[in-house]
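Input: a single structure, listed below in structure tokens.
Quick note: the coordinates plus some simple rules give every number you see, no bench work behind them. These numbers were taken from a predicted model, which means no experiment stands behind them. Positions of Cβ are backbone-derived with ideal geometry, glycine not excepted, and every protein chain shown enters the neighbour counts.
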Amino acid sequence: MAALLDDHGIAQRVFDHIEAGTTDLSDALWREPVENYRSKERLAAEIQRVLRRTPVAFCPSAALAEPGAYIAREAAGTPLVVVRGTDGEVRGFRNACRHRGTQVAEGSGCAKALVCRYHGWTYGLDGKLGFVPHAHGFPGLDKDAHGLVPVRVREKGGLVFVTQEPSQGGDRALDALPDLLGKDQRLFAARESRVPANWKIFLEGFLEGYHIRSTHPKTFYPYGFDNLNVLEHFGPNSRVTFPCQRIKKLAEVAPDERKVEGAVTYVYQLFPNAVFVMLSHHSILSVLEPVSVDETRLVTYALTNRPAGDPTSVAAAERDAAFVNQTGGAEDMAVVCSIQKSLASGANEVFTYGRFEGAIAHFHRALDAALAAPLP
Ligand code: FES
Ligand SMILES: [Fe+2]
């Protein structure tokens, strides 16, 4: 699996492109049938064969900082609860009481145990069934066989990944994942919203810089470049680098001392349905949960880039986030909704992705391969 460029390598590649007026190019065009964004059968297969069988980014580790911290939400249509134990390990469970199925946690919080609100069955943070009120009503109940049902969880690079069902590769794909978040980056916002578009249409909007000048003429473009990206793949994932104009200042810095933080935006596409974006003062993890063929639940966690002890870190991160959301982010959303509305027009049987849009092609190639992979 190819390693990602370091800061010096990224800066040099960007300088070369600025000088030559070029950008990274993929080998070939990609053609994606529009039916793949509209078909309910296709979406069901994506959920069952890919989203549930791949280690999917669930949240940043920082969202589960304390022992007992939990997050309960649906992933690929399955209600899950993910919780940090008193031993520091993060575990995940199907969020369903083993008595009659009530969800044992809602939203997020910090708890000593997971208590079902219906009749009070109580589970440890390790999922074991502990207390059963009036237990004499359940003669012969094997408590060990009635713990919460676990899913596979792994922390890597500052993120928590969940795999719901066994897959051929297990979570080996995570081995090559770089550290994306440092230990002292602080979570300052977590939110959910609904996007009236197919999850893949929404995802594609993050993955190329060909649209920057046209879609974002007064917001992102003045700070960036027209169609200038560094494109790298690692396993089924990609990293797309969007340089800012201020990267030019690094030309005066000795190559080995160049630090690109604040001078580029990194977009990591974490296959299949998550995007990690490192901006100037904050980073976001966005998880795109398909609700239906034309609706996506967007779960976003925002973190400071500076250490928590730095008093300017949260204010700068919040300013950065407000700017991105209210300006360019809104422009991207408008385009995504516009595409979704045109899907039924019959105008396009396929969409053609050019050689500037290679991260999108890489994603579709990986998705096709995962859909075709034999089940274990
Ligand atoms: S359903 Fe949970 S205790 Fe009855
Ligand atoms: Fe955009």
Review point. Given H placed 1.01 Å from N in the peptide plane, which residues other than close sequence neighbours of ARG152 have an amide H under 5 Å from its amide H?
Key: THR163
Practice item. Determine the gain in length on full extension of the stretch HIS134-ARG172; use 0.36 nm per residue of separation and subtract their C-alpha separation, reporting nm with one decimal. Key: 9.2 nm
Review point. Dipole size in debye (nearest 20) for segment 229-347 around its Cα centre, Lys and Arg Cβ +1, Asp and Glu Cβ -1?
Key: 200 debye
Review point. For the residues ASP310, ASP142, what sequence is obtained by ranking on other C-beta atoms within 10 Å, fewest first?
Key: ASP142, ASP310
Practice item. Normalising by the residue count of the chain, find the relative contact order in percent from Cα pairs under 8 Å and 6+ residues apart. Key: 23 percent
Study note, to complete from the structure: Between the residues VAL56, SER108, ASN95, the Cα farthest towards the positive end of the dipole of segment 18-128, that dipole coming from +1 and -1 charges on the beta-carbon of Lys, Arg, Asp and Glu, is from ASN95
Check your understanding: Please identify the GluC sites (Glu not before Pro) of segment 272-376 that satisfy two criteria: DSSP loop assignment and at most 12 other Cβ atoms within 10 Å. Which are they?
Key -> GLU349
Exercise for review: Report the relative contact order of segment 38-155, percent, no decimals, based on alpha-carbon pairs under 8 angstrom and at least 6 residues apart.
Suggested key: 20 percent
Study note, to complete from the structure: In nm, the gap between the two label points placed 7 Å beyond Cα toward Cβ at VAL115 and SER345 is 5.6 nm
**Study point:** Charge dipole of segment 260-321 about the Cα centre (unit charges at C-beta), most positive-ward option of VAL299, VAL277, ALA317
**Key:** ALA317
Check your understanding: Using a basic spin-label model with each label point 7 Å from the Cα along Cα→Cβ, how many nm lie between SER39 and THR122?
Key -> 5.1 nm
Review point. With Cβ to Cβ distances under 12 Å as the rule, what net charge do the other residues near GLY92 carry (K, R +1; D, E -1)?
Key: +3
Practice item. Per DSSP H run of at least 4 residues, take -39500 (n - 2.57); add these up for the chain, divide by its residues and hand me the 222 nm value, nearest 500 deg cm²/dmol. Key: -6000 deg cm²/dmol
Review point. Picking from THR265, VAL230, ALA20, whose Cα lies most toward the positive end of the charge dipole for the chain (charges on Cβ: Lys, Arg +1; Asp, Glu -1)?
Key: THR265
Check your understanding: What is the Å³ per residue value for the convex hull set by the Cα atoms of segment 53-158?
Key -> 100 Å³
Study note, to complete from the structure: In cubic angstrom per residue, the convex hull of segment 315-376 built on its Cα atoms measures 167 Å³
Review point. What Kirkwood hydrodynamic radius, in Å, does the chain give when the mean of 1/r is taken over all pairs of distinct Cα atoms and then inverted?
Key: 22.1 Å
Check your understanding: What is the dipole size for the chain, taken about its Cα centre, with +1 at each Lys and Arg Cβ and -1 at each Asp and Glu Cβ, in debye to the nearest 20?
Key -> 1060 debye
Study note, to complete from the structure: Final fewest-first order of TRP199, TRP30, TRP121 on the 10 Å Cβ neighbour count is TRP30, TRP121, TRP199
Study note, to complete from the structure: For segment 145-186 (alpha-carbon point model, no solvent) the Debye-based log₁₀ I(q)/I(0) at q = 0.13, 0.22, 0.23 Å⁻¹ works out to -0.38, -0.80, -0.84
**Study point:** Isolated Cys residues of the chain, judged by Cβ distance under 4.7 Å to other cysteines
**Key:** CYS59, CYS110, CYS244, CYS337
Point to revise | Gained length - LYS249 relative to THR102, 0.36 nm times residue gap less alpha-carbon distance | key: 47.2 nm
**Study point:** Around ALA45: net Lys/Arg minus Asp/Glu count, Cβ-Cβ under 14 Å
**Key:** +2
